[in-house]
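Written below as structure tokens is the structure these notes are about.
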Ligand SMILES: [Zn+2]
């Protein structure tokens, strides 16, 4: 590899870099940043109007392998990630078998290395409990040593308070977070969408906002008692934003993420009975979106993650109540974030990069990606002005379950570089 | 007497629900039903209107009354009728709704009447097949033909619906009739309220422009019509109400309760009735009960709908 990017807008919030410069990369290492008028043998690209940022991480991805390869595989998932502008993904443990044993972690890591020359780093998130059944702790220390970067029973919450307590105690020893899918299952039983005016009008059973909030509130009290890193996955309500905000004010180790669909769509979208508007947590209300945007702005919400949840067409082309929860997100995340957050002046590009790159690396203690001479080139290149129409047929993901088909977005991944590999998005 | 072809058309080619249905369309259906109601009084109760058309009654949930009413309406319009009943659970395991519908459509069906336990199933069907879809009840969403026959019955009794005070009593949250009634009644200018225990009143129902009562006497005091819904006894297990006895005590319609207001109270019920739970026998069979007229009008209203949809284009 010998590449010269000219006129790139480099933004690395962690190093206070925000300037237009040339960047010369050889064998996956950043050789020079500044004015480089000529580099012998280099492929030269003009990156005027493009942003070069530390590689983006999607810390909430369902790669579905092992066990559900008809929905997605490590290979198709990594291709989707790279195409969507991510150089790293964290894969969730609700596979079959679940990621509750070191051998599964090792297997995933090995398989990921061969995809596209390893351009996407795959970081497994292991289960908190054996088989994700919520009864006995998984071997958390072994899992961490095998390469797991965090723990979750995602898809389901860690329901029992006592199990959560023990998990937090282990997490504090290990120094890796418990990631909670916060949902009181007794309050959401049978539910298909947000509970409120729209669910009443559609006659669909509701999942109230409080089902998320009571779980977050319980967990936060326990974090305060035990002092372990705790991260709330895919927050969706105003109440959760408020809980996390007041907890952060007490300097407790609590962080959280939001998905692009939860700051873009409301439960109004369900009126169509389109099963691609069915996800868990469900689409909420405009009031929740406003609170989430405020949470992003003031730093309450640390991370944007997609909860990329592929499902086959047959699984989704059914009655709303029977459809599985979840949508794909890797290939629309950057476009939605720029359209809904940067264009609407909720976040600056620099703040957006913190949520996509700096903060998830910090929370999960991943090796950092720095835009500096001598560093490994782990970069996401974004065209923030490009206008494009989402077309699910273009997705690299094996599944096409997106509610955003046909939507015009501003901002698109342009290319990624990582592990001595370069890939352009189209 | 209905013509072979109507000069007026409904705005939609399907009947999926009453939400958003314009007042003129409701009126057109009720007016058309009136002429079919006359047909039903004749010695020969059959018209050739839908001769050559094929209708399938696709019932994924058993409902003998609704299916019989549709079937009678279809046969009286001289349509060819096919009945397909399936238990949802067996359908779920094997063939999907989409496959079932596509198979049926290969048999050149003109109209599909669908009853399904899942809200939105008729809407889904309307996107995957070309036939005209009539919703015969989808989950706790809508049951538009029931609401239209309720409206017809009220108009028959009172002359007009505008200004009428109607209270829907019972399990609003799990009812497909309540929402359709609310949409239809509001479109026609009635004042609508609902009454039941808070556990069975869905969130933010007020935003449809209805009043909510938790005390039955308050509801009765301001109503001309009580539309009493069937209480599903298994809801007790879901902690929606503590006991049948308590429910009857506080939300059951009895003669004693009605006698407290010094004017006749019209009683309706979509059936089947849990006698002496939501409705005491002497009220159900009383002189101000319209329950049997509802059944008769149901056939005429369904004839009107099938006629208006089936002869369009
Ligand atoms: Zn989750």
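Secondary structure note: in chain B, about 5% of the DSSP beta bridges are antiparallel. Rg and Dmax of the stretch A:143-253, based on Cα coordinates, read 15.1, 50 Å. Centre-to-centre separation between the Cα atoms of the stretch A:39-109 and those of the stretch A:279-331: 19 Å.
The simple Förster model, with R0 at 30 Å and r as the Cβ-Cβ distance, assigns residue B:45 and residue B:232 a FRET efficiency of 0.30. If you take the alpha carbon atoms of the stretch B:205-283 and fit the smallest convex hull around them, that volume is 107 Å³ per residue.
Given the stretch B:38-130, report the % of alpha carbon pairs whose separation exceeds 24 Å. That tail contains 25 percent of the Cα-Cα pairs.
Would you mind ranking A:76, A:348, B:266 so that the residue whose beta carbon has the fewest other beta carbons within 10 Å leads the list? Each step should come with its number before you reach the end.
On the way: A:76 21, A:348 15, B:266 18.
The fewest-first ordering by Cβ neighbours comes to A:348, B:266, A:76.
Within 10 Å of the Cβ of each residue in B:205-217, the mean number of Cβ atoms contributed by other protein chains is 1. Cα-based values for chain B, radius of gyration first and Dmax second, are 19.3, 59 Å.
Find the eigenvalues of the gyration tensor of the Cα atoms of the stretch A:54-364, then list the square roots of 5 times those eigenvalues as equivalent ellipsoid semi-axes, largest first, in whole angstrom. Intermediate results must be reported in sequence, preceding the final value.
On the way: eigenvalues 130, 103, 87 Å².
Here the semi-axes work out to 26, 23, 21 Å.
Residue order for A:46, A:12, fewest other beta carbons within 10 angstrom first, comes to A:46, A:12. One Cα centroid belongs to the stretch B:255-313, the other to the stretch A:148-217; the line between them spans 45 Å. Computed over the stretch B:177-246, the Cα gyration tensor eigenvalues convert (square root of 5λ each) into semi-axes of 23, 14, 11 Å, ordered from largest to smallest.
For the peptide B:141-149, the mean number of other protein chain Cβ atoms found within 10 angstrom of a residue's Cβ is 1.
Each eigenvalue of the Cα gyration tensor of the stretch A:13-128, multiplied by 5 and square-rooted, gives one semi-axis; in descending order these are 35, 14, 12 Å.
Suppose we keep just the DSSP beta bridges with both residues in chain A; what percent of those would be antiparallel, to 5? Each step should come with its number before you reach the end.
On the way: 32 of 59 bridges.
Counting only bridges with both partners in chain A, antiparallel ones make up about 55 percent.
Have a look at A:45, A:68, A:170 and tell me which one the Gaussian network model of chain A (Cα, springs below 10 Å) gives the largest fluctuation. Highest fluctuation of the listed residues: A:45.
Applying 1/(1 + (r/R0)^6) with r as the Cβ-Cβ distance of residue B:212 and residue B:95 and R0 = 45 angstrom yields a FRET efficiency of 0.60.
Segment residue A:424..residue A:49, full-extension length gain: 133.4 nm, with 0.36 nm per residue of separation and the alpha-carbon distance subtracted.
Within 10 Å, count the other beta carbons around each residue, average over each peptide in A:208-217, B:200-209, and list them highest first. Mind dumping the intermediate values first?
Numbers: A:208-217: 21.4, B:200-209: 17.1.
Ranking the peptides A:208-217, B:200-209 by packing returns A:208-217, B:200-209.
Counting other Cβ atoms within 10 Å as a rough exposure proxy, the listed residues A:193, B:188, A:59 run B:188, A:193, A:59 from fewest neighbours to most. The distance between label points at residue A:391 and residue A:162 comes to 5.7 nm (points 7 Å beyond Cα on the Cα→Cβ vector).
Could you work out the relative contact order of the stretch A:151-207? I mean the mean sequence separation of Cα pairs under 8 Å and 6+ apart, divided by the number of residues, in percent. Over the stretch A:151-207, the number comes to 32 percent. Extending 7 Å from the Cα toward the beta-carbon at both residue B:160 and residue A:297 defines two label points whose distance is 5.1 nm.
Estimated from helices alone, the mean residue ellipticity of the protein assembly as shown at 222 nm is -9500 deg cm²/dmol (sum of -39500 (n - 2.57) over DSSP H runs with n ≥ 4, per residue). Taking 7 Å steps out from each Cα toward its Cβ at residue B:282 and residue A:210 produces label points 4.1 nm apart.
Just to verify a number: FRET efficiency for residue A:365 and residue A:38, C-beta to C-beta distance, R0 = 41 Å, to 0.05? Efficiency for this residue pair is about 0.55.
Ignore the peptide's own chain and count Cβ atoms of other chains within 10 Å of each Cβ in B:120-128; give me the average, rounded.
Details: counts 13, 6, 2, 7, 8, 1, 1, 4, 1.
Mean partner shielding for this stretch: 5.
Extents of the protein assembly as shown, largest first, come to 99, 57, 44 Å (Cα atoms, principal axes, whole angstrom). Normalising by residue count, the stretch B:144-290 has a Cα convex hull of 98 Å³ per residue.
If you average the sequence gap of Cα pairs under 8 Å that are 6 or more apart and divide by the length of chain A, what percent do you get for the contact order?
Numbers: 1067 pairs, mean separation 87.4, N = 426.
Averaging sequence separation for qualifying contacts and normalising by length gives 21 percent for chain A.
Of A:102, A:53, A:127, the residue with the greatest mean-square motion in the GNM of chain A, using alpha carbon springs below 10 Å, is A:102.
Coordinate-derived values only; no laboratory data. Since the model is a prediction, treat every value here as computed from it, not as a measurement. Note that we place each Cβ from the backbone using ideal geometry, even for glycine, and neighbour counts take in every protein chain shown.
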